[in-house]
1. Looking at region 1-37, which of its residues are part of a loop (DSSP other than H, G, I, E, B) and hydroxyl-bearing (Ser, Thr, Tyr)?
2. Working carefully through the options Lys49, Lys62, find the one that is of a type outside the set (Phe, Trp, Tyr) and without any contact (Cβ under 8 Å) to a residue 60 or more places away in the chain.
3. Taking region 1-37, which residues are crowded, with 17+ Cβ neighbours inside 10 Å and more than 20 Å from Tyr71 (Cα to Cα)?
4. Among the residues of region 38-81, which ones are buried (at least 19 other Cβ atoms within 10 Å of the Cβ), of a type outside the set (A, V, I, L, M) and part of a helix (DSSP H, G or I)?
5. Output the residues belonging to region 82-100 that are more than 13 Å from Gln42 (Cα to Cα) and either without any contact (Cβ under 8 Å) to a residue 12 or more places away in the chain or assigned to a helix (DSSP H, G or I) (or both).
6. Looking at Met84 and the list (1) exposed (fewer than 11 other Cβ atoms within 10 Å of the Cβ); (2) in contact with a strand residue (DSSP E or B) (Cβ under 7 Å, 6 or more places away or on another chain), which single condition is not satisfied?
Amino acid sequence: MEYVQGGLLFDLCQLLSNMGEDAGRFFLMQLLDSVEYMHNKQVVHRDLKLENILIDSDLNMKIADFGFASYKNVHDLSSYRGTMTYMAPEIKEGKHYDGTQVDVFSI
């Protein structure tokens with residue numbers, strides 16, 4: 001397992017409460033690239049949140065905590081997974097859902 005020295009994206013956002021558009025775009029693009037990579041590997045995270053995104057000393061993003069992750073091609077994704085404040089409505093309602101869509105909702 002890799003040690004990521006920088007800390008959580010959550011902590012960085014609190015430290016830089018007014019991050020600015022350029023910094024926000026920098027982190028958003030990294031997050032979108034990371035999620036796209038994960039989805040291309042047929043994995044859905046299902047618990048994306050600021051607390052599960054690590055930042056290394058070079059400000060590179062690392063997605064962590066794959067405890068709720070599943071394979072993308074699983075057709076019966078209906079289990080209640082994730083953190084309430086980041087959770088897509090279809091999960092809260094107990095409906096079947098597309099894991100890639102709930103990951104994107106969390107962003």
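1. In the first step, residues of region 1-37 are kept if they are part of a loop (DSSP other than H, G, I, E, B); the result is 1-7, 16-20.
Passing the criteria: Tyr3, Ser17.
2. Result of the check over Lys49, Lys62: Lys49.
3. Those that are crowded, with 17+ Cβ neighbours inside 10 Å and more than 20 Å from Tyr71 (Cα to Cα): Leu8, Leu9, Leu12, Phe27, Gln30.
4. Correct list: Asn52 only.
5. Kept after step one, since they are more than 13 Å from Gln42 (Cα to Cα), are these residues of region 82-100: 82-97.
Result: Met84, Thr85, Tyr86, Pro89, Glu90, Ile91, Lys92, Glu93.
6. Condition (2) is where Met84 drops out.
Bear in mind these aren't lab numbers, they're just calculated from the coordinates by the rules spelled out. From a predicted model like this one, the values you see are computed outputs, not experimental measurements. Note that we place each Cβ from the backbone using ideal geometry, even for glycine, and neighbour counts take in every protein chain shown.
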